[in-house]
Amino acid sequence: MYRIPLGQFISNGVDWLLKRYGHFFDAFSVGVNAFIHAFKDGLNVLPWWLFILIVGTLAWRVKGWRLTVGSTLGLLLIYNMQLWPAFIDTLVLVLISALVSIIIGLPLGIIAARNHRFQRLMYPVLDFMQTMPSFVYLIPALMFFGLGTVPAVLATVVFAMPPVIRLTNLGITQVPVDLVEVGEAFGSTPSQLLWKIQLPLAMPTIMAGINQTMMLSLSMVVIAAMIGSGGFGQGVLAGIAQMDIGKGFENGLAVVILAMILDRLSQGFIPARRKVRNPDKRGG
């Protein structure tokens, strides 16, 4: 049976892109790398105790004293284990990857909700992005941009973007039709319907997608460390290479602490759905 040389087609396509647009990829990598280092330097300017104080204050505002205590103790433990530089590296990777995923994913989710043909085209692509082994994303990223944080961010974006697209689409399509019809009856334009009716009502679902995107970005930490992203993933890989269970456990525990903090903080920004009061059960 004739074997379709699909892998050879992909390799030839990548080689053609590198030969034709290699300078563009190099310039893009330099620009993104400069932004990442500037962001990291900005975080490093803050003393560790001030950073913990800021996170604790934010946790108090969004969730209360329990999250404040848990976040403070978790960050103090990371600092005590002398993993603060790795914490900053990991946080920068996760935040930038999640931010890029959100900036690209939200408009795509909105377009998919308003255009059924685009939605039908997008969903197989999202299935491909979510089911393809994450290690595969590292190969083209490594070939185009070399070792470092830039290919790690791009591979993480591809892996973490689908939830925000899917849940943005889901949240908008689940807005009650009668509310949209009321807006149309009052003469609202499509943009007014989107910004004043659909997006506010879909916000809990959209924020859940943003939360999942952040968690998936963090789940790529160890894999991205294989191409030089640093952070906690590098410590885990070092523990595996050296058969040092203590080092691996400390870095793994730090990943768990960061994941819990980001998860609880992002959940705190999810607006609660308003309950409709029954006029027959009002207290008199």
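The values are calculated or read from the model by the stated rules, or taken from the named source; none is laboratory data. All values derive from a computational prediction rather than experimental measurement. When we count neighbours, we look across all protein chains shown, and the Cβ atoms used for this are built from the backbone with ideal geometry, even at glycine.
Can we say VAL150 is under 17 Å from the mean Cα position of the chain (by Cα) and within 30 Å of LYS19 (Cα to Cα)?
Against the criterion (under 17 Å from the mean Cα position of the chain (by Cα) and within 30 Å of LYS19 (Cα to Cα)), VAL150 qualifies.
Every residue in segment 125-182 that is closer than 17 Å to ILE103 by Cβ, buried (at least 23 other Cβ atoms within 10 Å of the Cβ) and among the β-branched types (Val, Ile, Thr), please.
Matches in segment 125-182: VAL150, VAL153, THR156, VAL157, VAL164, ILE165, THR168.
Return only the number of the condition from (1) more than 30 Å from PHE144 (Cβ to Cβ); (2) modelled with pLDDT of 90 or more; (3) part of a helix (DSSP H, G or I) that ARG61 does not satisfy.
Of everything listed in (1) more than 30 Å from PHE144 (Cβ to Cβ); (2) modelled with pLDDT of 90 or more; (3) part of a helix (DSSP H, G or I), ARG61 misses just condition (2).
I'm trying to understand the selection: among the residues of segment 107-124, which are of a type in the set (Val, Ile, Thr) and either buried (at least 18 other Cβ atoms within 10 Å of the Cβ) or at pLDDT below 90 (or both)?
Within segment 107-124, ILE110 is the sole residue that qualifies.
For the list (1) modelled with pLDDT of 90 or more; (2) surrounded by fewer than 20 Cβ atoms within 10 Å (Cβ to Cβ); (3) assigned to a helix (DSSP H, G or I), I need the number of the one condition that ARG66 fails.
For ARG66, the failing item is (1).
Condition (residue is modelled with pLDDT of 85 or more, part of a loop (DSSP other than H, G, I, E, B) and exposed (fewer than 15 other Cβ atoms within 10 Å of the Cβ)) applied to segment 32-46: is it met by at least one residue?
Yes, segment 32-46 has at least one match.
Quick one: PRO140 ticks every box in (1) closer than 30 Å to PRO190 by Cα; (2) in contact (Cβ under 8 Å) with a residue 24 or more places away in the chain bar one, so which box is it?
Among (1) closer than 30 Å to PRO190 by Cα; (2) in contact (Cβ under 8 Å) with a residue 24 or more places away in the chain, the lone unmet condition for PRO140 is (1).
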